[in-house]
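Structure in structure tokens, see below.
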Amino acid sequence: MAAAELEYESVLCVKPDVNVYRIPPRTSNRGYRASDWKLDHPDWTGRLRVTSKGKTAYIKLEDKVSGELFAQAPIDQYPGIAVETVADSSRYFVIRIQDGTGRSAFIGIGFTDRGDAFDFNVSLQDHFKWVKQETEISKESQEADTRPKLDLGFKEGQTIKLNIGNMTTKKGGAAKPRVPGSGGLSLLPPPPGGKIAVPPIPPPSSTAIANHVTPPPVLKSSNVSSADILLDLDAPPSASKAPASATTDLWGDFSTASSAVPNQAPQQSNWVQF
């Protein structure tokens, strides 16, 4: 089956009212003018449909009631000789119609509404813009097929090395063991909001207990004051302890000990010489 038979026909634009005019032959290259036609007396009135089949567009003039085809104009490119605009209006066009035998003729068509003429013009422009894009894409694909293809496969005996961090591997071989760094094992930081456990304090050893000096216990009596305890600690062992009731001066012992030192001037009372 041919490729043309596989293509389907799509409708691009439909306008229910179009006027058809017989136009005089063009005598110069200045273009067609709608004012030369009998605009008040169209030769035929019907419906216009713009369809496409493949890359070719068709302007079909059909009867409004029965849909019978009156004439059609195949269009290979736009703008071109198959569809031309007139010089004095945007609502009128000149199209080239053809029959099945290959005969052709030029007729004029016009729209009552200016918006219908705009839609007719845009539908043809969009179709041939798509045709241009398809042509460029097919051309690029053909050029890509003619270019030499790159062979990216591995040749026999060819290897590749991959560097992943500090580990170097070779395709087809075993991975080398990773050498630990000089910094040792790195620990991850604690999770946010967590608490670090404090290591327990070890109990004191027996050596530390033996080296600890405990002062001798001091016996307290009811008739010995705290000042007498201090005097007993500072007095020399050979001196006899004076009774607490002999004097009312609490620093008497220190004064007596100071006066016994030779070549030293006597000190005033109530002060201790160290």
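The values are calculated or read from the model by the stated rules, or taken from the named source; none is laboratory data. Everything numeric here is computed off the predicted structure, so don't read it as measured data. Counting neighbours? That spans all protein chains shown, and the Cβs are built from the backbone with ideal geometry, glycine included. Please note that ligands, DNA and RNA were not included when accessible areas were found on the heavy atoms of the full protein model with its side chains. Shrake-Rupley method; radii C 1.70, N 1.55, O 1.52, S 1.80 Å.
So, in nm, how far is label D119 from label T45 when the simple model puts each one 7 Å beyond its Cα toward the Cβ?
According to this spin-label approximation, the distance is 1.8 nm.
On the accessible surface of segment 4-108, probed at 1.4 Å, how many percent belong to carbon and sulfur atoms?
On the way: 2960 of 6360 Å².
It is 47 percent, rounded to a whole number.
Please give the length that would be gained between N163 and S10 if that part of the chain were fully extended, namely 0.36 nm times their separation in residues minus their C-alpha to C-alpha distance (nm, one decimal).
Values: separation 153, 0.36 × 153 = 55.08 nm, distance 5.75 nm.
Here the answer is 49.3 nm.
Something else about it: Using a Förster distance of 51 Å, how high is the FRET efficiency between D63 and K149, based on the Cβ-Cβ distance and rounded to 0.05? Don't jump to the answer; show the numbers that get you there.
Values: r = 57 Å, r/R0 = 1.11.
About 0.35, to the nearest 0.05.
How much of the calculated P(r) for segment 1-130 lies past 23 Å, in percent of all Cα pairs?
Numbers: 2503 of 8385 pairs.
Counting pairs separated by more than 23 Å, the tail of P(r) holds 30 percent.
Between the DSSP loop rule and a limit of at most 10 other Cβ atoms within 10 Å, which chymotrypsin sites (Phe, Trp or Tyr not before Pro) in segment 1-100 are left?
Values: sites: Y8, Y21, Y32, W37, W44, Y58, F70, Y92, F93; in loops: Y8, Y32, W37.
Taking segment 1-100 and a limit of 10 other Cβ atoms within 10 Å, the loop chymotrypsin sites (Phe, Trp or Tyr not before Pro) found are Y8.
Using only the alpha carbons, work out the radius of gyration and Dmax of segment 1-73 in angstrom.
Answer for segment 1-73, Rg first and Dmax second: 15.7, 49 Å.
Something else: Mind checking segment 15-113 for GluC sites (Glu not before Pro) that DSSP puts in a loop (not H, G, I, E or B) and that have at most 15 other Cβ atoms within 10 Å? Walk me through the numbers before you get to the answer.
Values: sites: E62, E68, E84; in loops: E68.
For GluC sites (Glu not before Pro) across segment 15-113 that sit outside H, G, I, E and B with at most 15 neighbouring Cβ atoms in 10 Å, the list reads E68.
Something else now. Between D126 and D76, with labels modelled 7 Å along Cα→Cβ, what's the label distance in nm to one decimal, could you check?
Placing both labels 7 Å beyond Cα along the Cβ direction yields 2.6 nm.
Also: Please list, ordered by chain and number, the residues whose modelled amide H lies under 5 Å from the amide H of D17; skip anything fewer than 5 residues away on the same chain.
Hits under the 5 Å cutoff: L48.
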